[in-house]
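The values are calculated or read from the model by the stated rules, or taken from the named source; none is laboratory data. For clarity, every value in this text was computed on a predicted model and none was experimentally measured. Cβ: placed from backbone, ideal geometry, glycine included. Neighbour counts: every protein chain shown. The accessibility values were calculated without ligands, DNA or RNA, using every heavy atom of the protein model including side chains. Shrake-Rupley method; radii C 1.70, N 1.55, O 1.52, S 1.80 Å.
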Amino acid sequence: MKTFAKYAITPAAALAGAVLLSAPAYAGERSNTATAAKADDIVVLSKAKMKAWQARTTRALDRALERSPIERTAVPGSGIVQVGFTLGADGRAEDVEIYGSSADRIAEKSAMHAVRRLRTLQDVPVSNKMNARFLANIIFADDHTQYRKLAKTLEVSERARLASGAAESGYIAVGG
């Protein structure tokens, strides 16, 4: 039996400081080399502002998940849902799709609904916002013990994704 608890749909900012940006991403610092960012690169304008933006956006995602109409009709199964999206002209999530999931369809629908309700995206402190890709990492768990296990699994997979250097590493992450 599933116990519907606070942990059932609450992402935490545990990875917010560890997961960062689009490939290649620069932290707004000048290097001593002659290399310059290309026009299509995503450049973080301020590490501190990015960290604050990620925390604000994760809290907004938490609130949207708590208010999801889907959770009122069915309890999402445990697992991790990763939702990829871009920034629309109106500053909201666009091209919302499941990037990866170990949860059930109810959890996926709830996660996608929450991402579509985000309104803090236009404040992301990066250059070239319209070319940025985002990844919402959302953990659904029945209890705190299960949440910790899933969070560890997510942390390992995020490190691997970022270390790959492939296109999959080029997301601005929130949640987790």
(request) Please get the size of the charge dipole for the range 82-176, origin at its Cα centre, with Cβ charges of +1 on Lys and Arg and -1 on Asp and Glu, quoted in debye to the nearest 20. (result) 120
(message) Please compute the modelled spin-label separation between residue 90 and residue 164, points set 7 Å along Cα→Cβ, answer in nm with one decimal.
(response) 3.2
(message) Give me a comma-separated list of calculated 3J(HN,Hα) values for the range 116-123, in order, Karplus coefficients 6.51, -1.76, 1.60 applied at θ = phi - 60°, integers in Hz, x for any Gly or Pro.
(response) 5, 8, 5, 10, 9, 6, 5, 8
(request) Using only C-alpha atoms and all pairs of different ones, pull out the Kirkwood radius for the range 70-176 in Å with one decimal. (result) 14.4
(request) Would you kindly state how much longer the chain becomes between residue 55 and residue 120 on full extension, computed as 0.36 nm times their sequence separation minus their alpha carbon distance, in nm to one decimal? (result) 22.3 nm
(message) Can you give me the long-range amide H partners of residue 45? Hydrogens built in the peptide plane at 1.01 Å from N, cutoff under 5 Å, separation of 5 or more residues or another chain.
(response) 126, 127
(request) Express the Stokes-Einstein translational diffusion coefficient of the range 43-113 in µm² s⁻¹, to the nearest whole number, given a Kirkwood radius over alpha-carbon pairs, 37 °C and a viscosity of 0.692 mPa s. (result) 243
(message) So, for the range 37-153, what is the accessible surface per residue at a probe of 1.4 Å, expressed in square angstrom?
(response) 49
(request) Please give the solvent-accessible surface of residue 45 in Å², to the nearest 10, using a probe radius of 1.4 Å with every protein chain present. (result) 110
(request) Set the Förster radius R0 to 25 Å, insert the Cβ-Cβ distance between residue 48 and residue 155 as r into 1/(1 + (r/R0)^6), and round the FRET efficiency to 0.05. (result) 0.65
(message) In whole percent, and with a 1.4 Å probe on the protein chains, what portion of the accessible area of the range 44-176 is carbon and sulfur?
(response) 51
